Amino acid sequence: MSIDRLPQLTDAAETPRLVIKVGSALLVGKDGEPRRAWLTLLVAEIAAARARGQDVIVVSSGAIALGARKLGLARGGRGSLADAQAAAAVGQIALAGLWAELLAAHGLIAAQVLLTLEDLEDRRRYLNVTATLGTLLAAGAVPVINENDTVATEEIRFGDNDRLAARVGQAAGASAVLLLSDIDGLYDRDPRLEGAVRIPVVRGVTPEIHAMATGGSSSGLGSGGMTSKLQAAEIAGLAGIALAIIDGRPESPIAAALGAERGTLFCPPARSGRKARARKAWLGGKLRMKGSVTVDAGAAAALARGSSLLAAGVKAVEGSFLRGDAIAVLGPDGAVVARGLSEYDAAECAALMGHPSTEHEALLGYAPRSALIHRDQLVML
C-alpha cells in the first residue's frame, strides 16, 4: 500500500500503525501548565483510532516545560543542560501521569518509554526497543515515548522529538508518522512572508526542499523547527514510512487537518527487499557517524549502481573508527552520498585507499576482505 493522501492516515487498512508526535508548545501553555482541554480532545482522537483498529504510539514532548514551572526555572528550563535535566526529572512524572489519566478515561493503558540516542543508534539496543514496542502494542497498551532528557547530554541526544518520532516509527514498523506542530505544513518560504505557499505533498526531500526550511521553533518552547522535521521525513522515508506535518493548535487537530487535507505529506520512495530495507533504514537514519571516507567520481557512480565500495576509489579518510562502525561516504564535492558499516578500521582504510584489491594483502599482511564497505551494509542517501 502507498500513502499519498492525508486522509489515509486515519484508515486502519492503509495505516495500521501510526506514530503521533506532540510538541511542547501544544501540550504546555505559556503559564507552564498543561493544556488539559486540548489534550483531552486529542486523546479522544487517539482512542477513536484504536477503536477502528489502528495501533498508536505517542511521542510526547513537554517534560522539561512542565518541570521548569514546578522548579521555578527560567527560560522554560532550557537555560542550561543542568536545568533541562533537572526539569525533565520532575516534569516526566507529571507528563506520564497526565497521559495515563486521560488514556485511562477511554479504557486504554499508557506505557512510558524513555529513550536516549544510543538506544536507537546501537543495533542491538534498537532491536530491543523494537521488541518492547511490539509487545506493548500486542498487549493493547499505548506507548508514550520521550527522550530521556534527565541523562542525555549534548553529545548523546536527539535534541528534538521530530527525529525521535521518525526513528521510533522505524523501530515499531509504523506505516506513518504524524507531527503535530504549531504550523500547518511546509511552505516555500518563511510562512510569515507575504505570498508564502504551503506545499501539500512532497515526494523526496531534495536540497531545494531543505532550502525552504527555517531552523527555529516559533513557539520558543520546543527544540525543533522545520529543519528537524525535514530530517525526520528523510529518516522515515528510508524505511518506507510516510510522514505528515499538520497544525496541532485547533481542537481535535487530527480530524480538523486530515478532514480538510490541510498539511504537508511526505511520501516515501519505493523500496524493495523488506529485510534489507529494515537494516538499511536503521543505518540511514543513524544520526552519528564515527568517521568518513571521500570517494572519487568513478566510485560514487559505482555506488549509485548498487556496487560495494572498493578502496581504490577512496581519496581521503577522516575520523577514528573501528571495523563495524558507521561511517559517511562523501562524494567528490564533499556531500554525503551514502552511509555504511566499515569493514576496516580507520588506519587500515588509510593504508588501503587508492590501491587496487590485488595489492591489499601485501599492504595489510593478511587476506583482505571483499570491500571497504559491502553493498549489503551500505545505504545511498
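Observations on the model:
This table checks each residue for (1) in contact with a helix residue (DSSP H, G or I) (Cβ under 6 Å, 6 or more places away or on another chain); (2) assigned by TED's automatic domain parsing to the domain that holds GLU121; (3) small (Gly, Ala, Ser); (4) closer than 26 Å to ILE235 by Cβ.
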| site | (1), (2), (3), (4) |
| --- | --- |
| SER320 | yes, no, yes, yes |
| MET353 | yes, no, no, no |
| SER357 | no, no, yes, no |
| GLU361 | no, no, no, no |
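- Consider the stretch 25-43 and keep the residues that are surrounded by fewer than 17 Cβ atoms within 10 Å (Cβ to Cβ) and of a type in the set (Gly, Ala, Ser). The one that is farthest from GLY91 (Cα to Cα) is ALA37.
- Residue within the stretch 205-226 that is buried (at least 22 other Cβ atoms within 10 Å of the Cβ), modelled with pLDDT under 90 and assigned to a helix (DSSP H, G or I) present: yes
- Number of the exception - GLU14 against (1) surrounded by fewer than 19 Cβ atoms within 10 Å (Cβ to Cβ); (2) farther than 24 Å from LYS229 by Cβ: (2)
- Extreme residue, farthest from LEU114 (Cα to Cα), among residues of the stretch 56-72 that are among the small types (Gly, Ala, Ser) and touching a strand residue (DSSP E or B) at 6+ places or on another chain (Cβ under 8 Å): ALA65
- The numbered conditions (1) crowded, with 16+ Cβ neighbours inside 10 Å; (2) at pLDDT below 90; (3) hydroxyl-bearing (Ser, Thr, Tyr) are all true for TYR344 except (2).
- When residues of the stretch 70-88 are limited to those that are surrounded by 17 or more Cβ atoms within 10 Å (Cβ to Cβ) and modelled with pLDDT of 90 or more, the one farthest from ASP149 (Cα to Cα): LEU73
- Taking the listed residues LEU322, LEU265, the one that is under 22 Å from the mean Cα position of the chain (by Cα) and surrounded by 13 or more Cβ atoms within 10 Å (Cβ to Cβ) is LEU265, with no other qualifying.
- Only listed residue being surrounded by fewer than 21 Cβ atoms within 10 Å (Cβ to Cβ), farther than 19 Å from GLN8 by Cβ, at pLDDT 90 or above and not hydrophobic (A, V, I, L, M, F, W, C), chosen from ARG189, ARG249, ARG163: ARG249
The values are calculated or read from the model by the stated rules, or taken from the named source; none is laboratory data. In this text the structure is predicted, and so the values were computed from the model without any measurement. A quick note on method: Cβ atoms are made from the backbone with ideal geometry, for glycine too, and the neighbour counts reach across all protein chains shown.
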